[in-house]
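Shown next, in structure tokens, is the structure this report addresses.
The values are calculated or read from the model by the stated rules, or taken from the named source; none is laboratory data. Treat the numbers as computed from the prediction; the structure is a model and nothing was measured. Cβ placement follows ideal geometry from the backbone for every residue including glycine, while neighbour counts extend to all protein chains displayed. For the accessible areas, the whole protein counts, side chains as well, though only heavy atoms, and no ligand, DNA or RNA atoms are used. Shrake-Rupley method; radii C 1.70, N 1.55, O 1.52, S 1.80 Å.
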Amino acid sequence: MVRTYETTFIVNAGLDDPQIDAVIEKAKEVIVKNGGEVKDLAKWGRKRFAYTIKKKNNGFYAVIEFNAPGDTIAKLERHYQLDENIIRYLTIVLDKKALKARAAQVAKDLAMAESTSAPSPTPAAAPIPVAAKPVAAAVVVDDDEDDDEDEA
């Protein structure tokens, strides 16, 4: 049975960008080779850890959403364990509620983007407010301070 999964993994941030991309591509290859279909790839980038993991303070986060049969997950996680550049990983099944919520969020974001990109009509009859002239601030000078020091 084909299900929708999401896998998040952390790659050693000490690698160069082409090496990190190669690690991510290898994970995608494992998914596709074992009967999966990659739907989305999100690279979150380099982030600092809250605590050290395997004597490292930073990691490059990547998230892959994919459809695959259940046995693909064991093979993918085996690949994660064998690859020394992958520090941590987590793979979850996306249930129907999560998929519906994600689809609703995407639709909402699309609608918001369309409404902000469309030019809003400006009414021609509306008067343009004119800024009032600033009122000079009253300055109080206390000359008595000098007198107080002389008396003391």
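Is the shape of the stretch 3-93 rounded, prolate or oblate, going by the alpha carbon gyration tensor and its root eigenvalues a ≥ b ≥ c, with a/c under 1.5 for rounded and a/b larger than b/c for prolate? Before the final figure, lay out each step's value.
Details: a/c = 1.88, a/b = 1.78, b/c = 1.05.
Judged from the Cα gyration tensor, the stretch 3-93 comes out prolate (a/c at least 1.5, a/b above b/c).
In order along the stretch 31-42, phi translates into HN-Hα couplings of 5, 5, 5, 9, x, x, 9, 6, 8, 8, 10, 10 Hz, rounded to whole numbers, per the Karplus curve 6.51 cos²θ - 1.76 cosθ + 1.60 with θ = phi - 60° and x for Gly and Pro.
Amide H contacts of L94 (H built 1.01 Å from N, in plane; Pro and chain starts excluded): T4, Y5, E6 sit under 5 Å, all sequence-distant by 5 or more or on other chains.
Which percent of the accessible area of the stretch 1-76 is formed by carbon and sulfur heavy atoms (probe 1.4 angstrom)? Using a 1.4 Å probe with all protein chains present, the stretch 1-76 comes out at 49 percent carbon and sulfur. Solvent-accessible area per residue in the stretch 37-80 equals 61 Å², computed with a 1.4 angstrom probe and all protein chains kept. Ranking M112, M1 by solvent-accessible area of protein heavy atoms (1.4 Å probe, all protein chains present), from largest to smallest, gives M1, M112.
Using a Förster distance of 22 angstrom, determine the FRET efficiency expected from the C-beta separation of M112 and N67, and round it to 0.05.
Details: r = 28 Å, r/R0 = 1.25.
So the FRET efficiency works out to roughly 0.20.
Per-residue packing, averaged as other Cβ atoms within 10 Å, sorts the ranges 50-59, 12-21 into the order 12-21, 50-59, beginning with the highest.
Among the listed pairs K26/K96; K28/K55; K33/K75; K47/K97; K28/K96; K75/K100, a Cα-Cα separation exceeding 21 Å is found for K26/K96; K28/K55; K47/K97; K28/K96; K75/K100.
Summarising the amide proton neighbourhood of F49: residues at separation of 5 or more, or on other chains, whose placed amide H is nearer than 5 Å comprise N58, G59.
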